[in-house]
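Visitor: Have a look at the structure that comes next, please.
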Amino acid sequence: MPKISTNKLLPTTLVGSYPQPDWLIDRRRLGEMVPPRAQARELWRVDPSHLEQAQDDATILAIQDQERAGIDIVTDGEIRRESYSNRFATALDGMDGDNPAQIPSRTAGKVQIVPRVVGKIRRRQPVQVRDVVFLRANTDRPIKITIPGPFTMTQQLFDEHYRDEAAVAMDCAIALNDFTGQESGFEIARRLGISFIKIDGTIIGRITRDAEAKARVMTIQQHCRVLDIRTVAMQVESAETLAALRAMRVDYVQGFGIDKPKPLPL
């Protein structure tokens, strides 16, 4: 597995998506709408028979741009997605992304298009594994791939099956990390050459007051340590949280608990 150069105090990576080229997707329409959580195939400019190849080409361009800029940890730019979470969520059984529902958006006065849950949520086949394999094959730098956490997924769907938010979240978590006795998510990440795993801020924010959240972070850290995968804690908002993560030997942190954004002196 590629290693981060030990002389780098602050390894760099992308946060969020890389701008998709206008020849691939209708960026104007995408920018005018609340990010779609259900499928929005009408946004793509390329015929479906050639879409995967076009997305591959645009992903290579994004990878090369990152390498030219000197980015240390390279991503696929989320080029194949209409939004951060919908590529994973709509690939699961039980999700109907072709006949979506509308729920209130965090943007005042707008609604959000989300998949409807119409059956038990489960993952029958690999999701985003090809994205990782393609990224690994096209860069020799450490790589990172993003997937939504179960909390994010439960906030971006309309449940017509479970009628129980906790049950929805549990099945989303199981779909994210297959607990059926086959390879775990950690083992898959190691086999595919993933260099970093980011721990969701919704868990990090509770570790100083919730023993279960703290135990989950410790378990993730211990698994990653054995598999030689680096960990990154998101949304570290206090000195107390930072101290707890240091005690757990989490490798990297990000958030206002370290400092708030400010201009760099030139």
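All of the numbers you see were taken from the coordinates with simple rules; none came from a lab. Remember, it's a predicted structure, so these values are computed and weren't measured experimentally. Note: ideal-geometry Cβ built from the backbone for every residue, glycine included; neighbour counts use all protein chains shown.
Visitor: Taking the Cβ of F158 as the centre, find all other residues whose Cβ is under 10 Å away and add up their charges (Lys, Arg: +1; Asp, Glu: -1).
Guide: Taking every Cβ under 10 Å from that of F158, the sum is -1.
Visitor: What does the net charge come to around Q64 if you take all other residues with beta carbon closer than 14 Å to its beta carbon, with K and R at +1 and D and E at -1?
Guide: -4
Visitor: Given N residues in the chain, what is its alpha carbon radius of gyration divided by 2.2 N^0.38 Å?
Guide: Normalised Cα radius of gyration, the chain: 1.03.
Visitor: Then there is this: Amide H neighbours of S83 under 5 Å, at least 5 residues apart or on other chains, H built in the peptide plane: list them.
Guide: none
Visitor: Determine which aspartates and glutamates satisfy two conditions relative to K262: a Cα distance under 20 Å, and not lying fewer than 8 residues away in the same chain.
Guide: E237
Visitor: Right, something else. How high is the relative contact order of the range 181-266? Use alpha-carbon pairs under 8 Å, at least six apart in sequence, and give a whole percent.
Guide: This gives 29 percent for the range 181-266.
Visitor: Continuing with the same structure: Roughly speaking, what is the centre-to-centre gap between the range 119-159 and the range 23-51 when only Cα atoms are used, to the nearest Å?
Guide: Between the Cα centre of the range 119-159 and that of the range 23-51, the gap is 19 Å.
Visitor: While we're on this one: Based solely on its DSSP helices, what 222 nm [θ] is calculated for the chain when runs of n ≥ 4 H residues each add -39,500 (n - 2.57) and the sum is averaged over all residues, nearest 500 deg cm²/dmol?
Guide: -10500 deg cm²/dmol
Visitor: How large is ³J(HN,Hα) for each residue in the range 46-51, as worked out from phi by the Karplus curve 6.51 cos²θ - 1.76 cosθ + 1.60 (θ = phi - 60°), to whole Hz, x for Gly and Pro?
Guide: 9, 4, x, 5, 10, 5
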